[in-house]
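*Asks:* Supplied in structure tokens, the structure appears directly below.
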Number of protein chains: 2
Amino acid sequence: MTADADGFTAALRAQAQRYHDQHPFHIRMNAGLLGRQQIRGWVANRYYYQQNIPRKDAAILANCPDREVRRRWVRRILDHDGTAGGEGGIEAWLRLAEAVGLSREEVRSERHLVPGVRFAVDAYVTFARTRPWTEAVASSLTELFAPDLMSERLAAFERCYPWIDRDGLGYFRDRLTQAPRDAEHALQVVVERCRSADEQARAVAALSFKCDVLWSILDAIDHAYPD
Amino acid sequence: MTADADGFTAALRAQAQRYHDQHPFHIRMNAGLLGRQQIRGWVANRYYYQQNIPRKDAAILANCPDREVRRRWVRRILDHDGTAGGEGGIEAWLRLAEAVGLSREEVRSERHLVPGVRFAVDAYVTFARTRPWTEAVASSLTELFAPDLMSERLAAFERCYPWIDRDGLGYFRDRLTQAPRDAEHALQVVVERCRSADEQARAVAALSFKCDVLWSILDAIDHAYPD
């Protein structure tokens, strides 16, 4: 790795400062300060994000001319959609929904979905569909920051929200291993492909955009489910 | 299946009349009348189509909100890209290229690619990316007509072109089973989803468009490699 690549990687990692673990809603969540309706609102709204992740990843596949990258990237779709029955991340999120007292039907109906969440998620899918595929890969690098938040969240849910069945927390557990593995591959692709200062600046901007997506999702949920 | 669905299915199947098995280049191919440069030109140009198929299928995934359809459709990407090493349809096509006397490098470099083939293939990928996903699925239904052509072609290659190593014909053999299985699923999706007269007319138009794509590819190859 060249010095340039080191600086680029550092600039990407510095976006951690803008990650949504610092959002007031997440801080209150992990401090055990949210009520049942707030947890339910978060789970129901965040489902819209989960549901769109495979479409975002398929958009990256559709734009990617490199078969080796596609062979690796398609695993994200398999992880999230599953291949049969109750497999996959979307199903795991529905089990979380049931564990917090929502029915699968009410989550899938999108009746709790607030407009700001829809707009932010749709913006992310549109970004993946319309921007160069390397930028879309860079935008996925919030996964570099996810494991810390995910392990904090797991501990917080088990400690502070005993009314949530622990069997419903499988999504978070799965992501503890999936996210670092996926992020490592994405980082490698971005560092290999984004060589010019302009490409690197656009990759950092893509990651910054993704931080905005996640932050806006929490803004919208926070406003919809006040203390 | 309603009478309406029967009529719709018949209208889709009737597009067989416009399938590229009737193109003069294919007729000469299967009659053993093509020279080595013509076969090589066809293989090198058709590679561009093969190479873009997973991107077309990923575009359909990206546009499809139904997880059950995606779970089934993603198998096409796995079949074509393979998951490692020499697996998958693209690799099988490169082995065909070697069997007809082309190097992998010259095929992948696209140096033999003629503009009309590029335009037709790109039009197909753009169609999948920009049209409703059910229409893109309908456009894939040329696979209903493929097995007959594929078995004729296999027999013709073995009989008429003994200079081509039979080990290189694996792509055609694989498609004998993959195409009917894929077409059956696609037909089921299209018949289930396209209920109104307008939707059904657009599905038939999508399949007609795809016949035009395949036909134009052969027009361009035929002009580039005359007898």
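*Asks:* What's the magnitude of the charge dipole for segment A:29-105 around its Cα centre, counting Lys and Arg as +1 and Asp and Glu as -1 at the beta-carbon? Answer in Debye, nearest 20. Show your work: numbers first, answer last.
*Replies:* Numbers: 13 positive and 9 negative charges, 36 e Å.
Approximately 180 debye in magnitude.
*Asks:* Can you give the calculated 222 nm mean residue ellipticity of chain B, where each DSSP H run of n ≥ 4 adds -39,500 (n - 2.57) and the sum is split over every residue, rounded to the nearest 500 deg cm²/dmol? Write out the running numbers ahead of the final one.
*Replies:* Working: 11 runs with 167 residues, N = 227.
Result for chain B: -24000 deg cm²/dmol, rounded to the nearest 500.
*Asks:* In degrees from 0 to 90, rounded to the nearest 10, what is the angle of the helix B:146-160 Cα long axis to the longest principal axis of chain B?
*Replies:* 10
*Asks:* Next up: Would you mind ranking A:ASP79, B:ASP6 so that the residue whose beta carbon has the fewest other beta carbons within 10 Å leads the list?
*Replies:* Placing the least packed residue first, the sequence is B:ASP6, A:ASP79.
*Asks:* For helix B:170-193, report the angle its Cα long axis makes with the longest principal axis of the Cα atoms of chain B; keep it between 0 and 90° and round to the nearest 10°.
*Replies:* 20
*Asks:* Run the dipole for segment B:1-70 about the Cα centre, Lys and Arg Cβ at +1, Asp and Glu Cβ at -1, nothing else charged, and hand back the magnitude in debye, nearest 20. Please report the intermediate quantities before stating the final value.
*Replies:* Details: 10 positive and 6 negative charges, 113 e Å.
The dipole of segment B:1-70 has a size of about 540 debye.
*Asks:* Moving on to the next point. Cα gyration tensor of segment A:140-227, axes a ≥ b ≥ c as square roots of the eigenvalues: rounded (a/c below 1.5), prolate (a/b > b/c) or oblate?
*Replies:* Oblate is the answer for segment A:140-227, as a/c is 1.5 or above yet b/c matches or exceeds a/b.
*Asks:* I've got another one for you. Place the label 7 angstrom along Cα→C-beta at A:ARG195 and in each other copy, then list the distances from the first to the rest in nm, shortest first.
*Replies:* Distances to the matching label points in the other copies: 5.4 nm.
*Asks:* If you average 1/r across every pair of different Cα atoms in the protein assembly as shown and take the reciprocal, what Kirkwood value do you get, in Å? Walk me through the intermediate numbers first.
*Replies:* Details: mean 1/r = 0.0415 Å⁻¹.
Value: 24.1 Å, from the Cα pair sum.
*Asks:* Using only atoms on other chains, find how many Cβ atoms lie within 10 Å of each Cβ of peptide B:81-90 and report the average.
*Replies:* The mean count of partner-chain Cβ atoms within 10 Å per residue comes to 2.
*Asks:* Helix B:89-99 versus the longest principal axis of chain B: what is the Cα-based angle in degrees, 0 to 90, to the nearest 10?
*Replies:* Roughly 20 degrees between the two axes.
*Asks:* Here is a further query. Could you pull the copy-to-copy label distances for A:ALA31, with points set 7 Å along Cα to Cβ, in nm to one decimal and sorted shortest first?
*Replies:* 8.3
*Asks:* If the cut-off is a Cα-Cα distance under 20 Å, which aspartates and glutamates reach B:LYS210, setting aside same-chain residues fewer than 8 apart in sequence?
*Replies:* Those aspartates and glutamates meeting the cut-off are B:ASP21, B:ASP57, B:ASP122, B:GLU135, B:GLU143, B:ASP148, B:ASP182, B:GLU184, B:ASP198, B:GLU199, B:ASP219, B:ASP222.
*Asks:* Here is a follow-up. Taking a label point 7 Å out from Cα toward Cβ, give me the nm distances from A:PRO65 to the same spot in the other copies, shortest first, one decimal.
*Replies:* Distances to the matching label points in the other copies: 3.3 nm.
*Asks:* Compute the Rg/Rh shape ratio of segment A:68-227: radius of gyration over Kirkwood radius, all on alpha-carbon atoms. Before the final figure, lay out each step's value.
*Replies:* Working: Rg = 16.9 Å, Rh = 17.3 Å.
Ratio value, two decimals: 0.98.
*Asks:* Please report, in debye to the nearest 20, how large the charge dipole of segment A:3-224 is about its Cα centre when each Lys and Arg carries +1 at its beta carbon and each Asp and Glu carries -1 there.
*Replies:* On the way: 31 positive and 31 negative charges, 55 e Å.
Using only the charged Cβ atoms, the result is roughly 260 debye.
Values in this text are rule-based calculations from the coordinates and carry no lab data. Here the structure is a predicted model, which means the values were calculated and not measured. No Cβ is skipped: glycine too gets one built from the backbone with ideal geometry, and neighbour counts run over all protein chains shown.
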